[in-house]
1. Within segment 63-76, how many residues turn out to be exposed (fewer than 14 other Cβ atoms within 10 Å of the Cβ) and either within 13 Å of the chain's Cα centre (by Cα) or among the charged types (D, E, K, R) (or both)?
2. Working only within segment 18-62, note down all residues that are aromatic (Phe, Trp, Tyr) and either surrounded by fewer than 10 Cβ atoms within 10 Å (Cβ to Cβ) or modelled with pLDDT under 90 (or both).
3. Could you list, in sequence order, all residues of segment 77-91 that are surrounded by fewer than 12 Cβ atoms within 10 Å (Cβ to Cβ) and farther than 25 Å from residue 13 by Cβ?
4. Does segment 51-77 hold any residues that are free of Cβ contacts under 8 Å to residues at least 24 places away in the same chain and among the aromatic types (Phe, Trp, Tyr), and which are they?
5. State whether one or more residues within segment 67-84 are hydrophobic (A, V, I, L, M, F, W, C) and modelled with pLDDT under 90.
Amino acid sequence: MTPISNAPQATQSFELSLFCGTEGDAWRIRVWPGWLPAFLRDFFDEEGEAYPVLIDLEELDREMKASSLSYERRESPIKGLNLRLQGQPRP
């Protein structure tokens, strides 16, 4: 992952790409190497994975629609989700 010192400044835009795959009743989330918001860093290991995770997809969609971020959710052919967010970090 990109070191914290390379995190975008408030005036820079960012892109966050995640892959969410199901494992039983939980999700395993993998973050694409790059910037990760500070509030998420403690949830991902050094390999960029978080497991087990419960995701409320309806709530996620509501939050993303209410935000100023560009949000894309695509279903993967291997029964997962690709999530892509773009925007500017909150100060």
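1. Pass one, segment 63-76, residues exposed (fewer than 14 other Cβ atoms within 10 Å of the Cβ): 63, 65-68, 70, 72, 74-76.
From the residues that got through so far, the ones that are either within 13 Å of the chain's Cα centre (by Cα) or among the charged types (D, E, K, R) (or both) too are 63, 65, 70, 72, 74-75.
Residues flagged as exposed (fewer than 14 other Cβ atoms within 10 Å of the Cβ) and either within 13 Å of the chain's Cα centre (by Cα) or among the charged types (D, E, K, R) (or both) within segment 63-76 amount to 6.
2. Of the residues in segment 18-62, the ones aromatic (Phe, Trp, Tyr) are 19, 27, 32, 35, 39, 43-44, 51.
Correct list: 32, 35, 39.
3. To start, the set of residues in segment 77-91 that are surrounded by fewer than 12 Cβ atoms within 10 Å (Cβ to Cβ) comprises 77-79, 90-91.
Listed by number, the residues that qualify are 77, 78, 79.
4. 71
5. Filtering segment 67-84 down to residues hydrophobic (A, V, I, L, M, F, W, C) leaves 69, 78, 81, 83.
With the extra rule that they be modelled with pLDDT under 90, the set shrinks to 69, 78.
Yes, segment 67-84 contains at least one residue that is hydrophobic (A, V, I, L, M, F, W, C) and modelled with pLDDT under 90.
The values are calculated or read from the model by the stated rules, or taken from the named source; none is laboratory data. Fair warning: this is a prediction, and the values are worked out from it, not measured in the lab. Methodologically, a virtual Cβ is constructed for each residue, glycine included, from the backbone with ideal geometry; neighbour enumeration extends over all protein chains shown.
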